Amino acid sequence: MTYEQKLSIKETVPFLREHGTQLTGYFYERMFSHNPELKNIFNMGNQANGKQKNALASTVLAYAEHIETPEVLTEVLKSIGNKHVSLNIAPEQYDIVGYHLLSSIKEVLKEKATSSIIEAWAQAYHELAAIMISIEEKMFQKNAEKKGGWKGWRTFVIANIVEESNTVKSFYLVPKDGGAIAEYLPGQYISVKMFVPSLGHEQPRQYSLSSTYMPSHYRISVKKEKGNAKTPDGLVSNCLHEKKIGDEVLVSVPAGSFFANILPEDSLVLISGGVGLTPLMSILETCKALNNKNKVIWIHGCKNEELHAFKSKVANLEHNNDWLTSFVFYEDGLTENSSVKKGRVDLSVLKDKILINKAKYYICGPEPFIKVHYHSLITFGASKESIFYEEFGPQLLQIKE
């Protein structure tokens with residue numbers, strides 16, 4: 001990009017700060033109207049609740065604000081790239097998105113969309129698309145070269161279903177072709193795609209792998225999301241909970257930038273909220289499989305005991321392994337003891353237990369949960385380099401000091 005083009009991009013920053021979601025909301029409406037086939041790729045639940053337009057608005061704004069130093073967005077772009085790879089996004093789809101984005105800028109900004117601004121954004125998008133396509137092609141190639149790896153969608157069969165709580169079921173998935181399946185790092189996810197009758201088309205969703213790697217199957221543990229006045233029922237989770245053993249789903253190769261590289265000398269502190277415990281369960285089971293005897297402290301929060309998935313599995317692991325200590329916070333708790341607390345997760349109660357020299361901290365849950373506990377750890381003296389987090393949904397949370 002030229003210096004003048006970068007200045008033109010920066011001219012749009014005030015508008016994007018104030019009206020970014022208006023622009024991205026218009027963009028999605030326009031794109032789905034002209035290219036309805038893309039509804040098979042995009043999460044229509046996040047379209048309905050507004051999360052996707054908010055996430056895209058944040059991304060566009062961040063790119064505009066850092067147009068002179070885009071390298072600071074590398075980790076965010078890699079995270080997006082992982083999502084795109086898991087959804088089998090093709091280079092030609094960047095052309096479709098670019099066309100509708102530029103058209104939306106023209107139509108929303110109207111007379112403010114001067115030729116210089118449109119030309120600058122066209123060049124900016126072209127450069128960003130080239131970066132993303134390059135990142136994703138390397139990921140595709142790496143995944144395809146893995147033993148048991150593949151590109152695109154592969155048919156898996158539901159071999160077993162286990163109820164983990166009143167709202168969470170584990171699904172054991174085996175490849176229909178009987179071939180090998182790719183390894184993954186604890187904390188990563190797969191995408192699952194299925195036909196949703198209420199929509200009349202397919203929908204993909206990302207679900208964390210909830211066990212240590214097993215060469216015979218993948219395990220995902222899915223909460224049946226019930227809606228309320230503001231949000232609808234989870235489209236895919238509800239369909240998945242209706243599936244039976246023997247039913248088929250489409251699955252993409254494991255992906256994700258949130259994972260634990262578990263070393264023998266590492267102490268781990270796992271902090272989860274609700275169904276955010278699923279990738280941390282994979283980390284915990286991997287610690288057991290490695291037999292490293294890592295010191296692990298797991299702090300989990302949920303509404304009540306009936307909604308506490310994997311409760312008995314974790315209790316059994318703790319009983320048989322002195323390297324594991326777990327604590328749970330129940331919002332509707334009736335009694336307390338040394339390991340069970342009433343209310344929401346409060347790390348200050350356990351400060352002396354979790355401040356471990358050279359510990360690594362893994363947080364998973366909704367955005368407010370992550371922010372609260374990230375800042376608590378920083379306040380306690382943990383370094384930001386030792387804290388890793390995963391936000392379920394459009395993962396564009398950028399915590400600032």
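If the condition is being within 22 Å of the chain's Cα centre (by Cα) and either exposed (fewer than 14 other Cβ atoms within 10 Å of the Cβ) or among the polar types (S, T, N, Q) (or both), then the range 108-150 contributes SER134, GLU137, LYS138, GLN141, LYS142, ASN143, ALA144.
Note on the range 29-43: residues that are assigned to a helix (DSSP H, G or I), at pLDDT below 95 and crowded, with 19+ Cβ neighbours inside 10 Å amount to 0.
Among the residues of the range 327-348, the one identified as within 25 Å of ASN294 (Cα to Cα), touching a residue at least 24 places away in the same chain (Cβ under 8 Å), assigned to a strand (DSSP E or B) and over 24 Å from the mean Cα position of the chain (by Cα) is PHE327. Taking the criterion of being buried (at least 23 other Cβ atoms within 10 Å of the Cβ) and of a type in the set (Gly, Ala, Ser), the residues of the range 188-229 that qualify are SER208, SER210, SER221. Surrounded by 14 or more Cβ atoms within 10 Å (Cβ to Cβ), closer than 30 Å to THR74 by Cα and charged (D, E, K, R): does that describe LYS360? It is true that LYS360 is surrounded by 14 or more Cβ atoms within 10 Å (Cβ to Cβ), closer than 30 Å to THR74 by Cα and charged (D, E, K, R). Restricting the first member to the range 282-294 and to residues that are touching a residue at least 12 places away in the same chain (Cβ under 8 Å), and the second to residues that are surrounded by 16 or more Cβ atoms within 10 Å (Cβ to Cβ) and assigned to a helix (DSSP H, G or I), the beta-carbon pairs closer than 8 Å and six or more apart or on different chains are LEU284/VAL314; LEU284/LEU317; LYS288/LEU317; ASN294/CYS287.
In this structure, is THR325 surrounded by 15 or more Cβ atoms within 10 Å (Cβ to Cβ) and over 28 Å from ARG205 (Cβ atoms)? Yes. The residues of the range 70-89 that are over 30 Å from LEU250 (Cβ atoms) and either at pLDDT 90 or above or surrounded by 16 or more Cβ atoms within 10 Å (Cβ to Cβ) (or both), listed by number, are PRO70, LEU73.
The values are calculated or read from the model by the stated rules, or taken from the named source; none is laboratory data. Since the structure is predicted, the reported quantities are computational estimates derived from the model, not experimental observations. Here the Cβ is made from the backbone with ideal geometry for all residues, glycine too, and neighbour counts use every protein chain on show.
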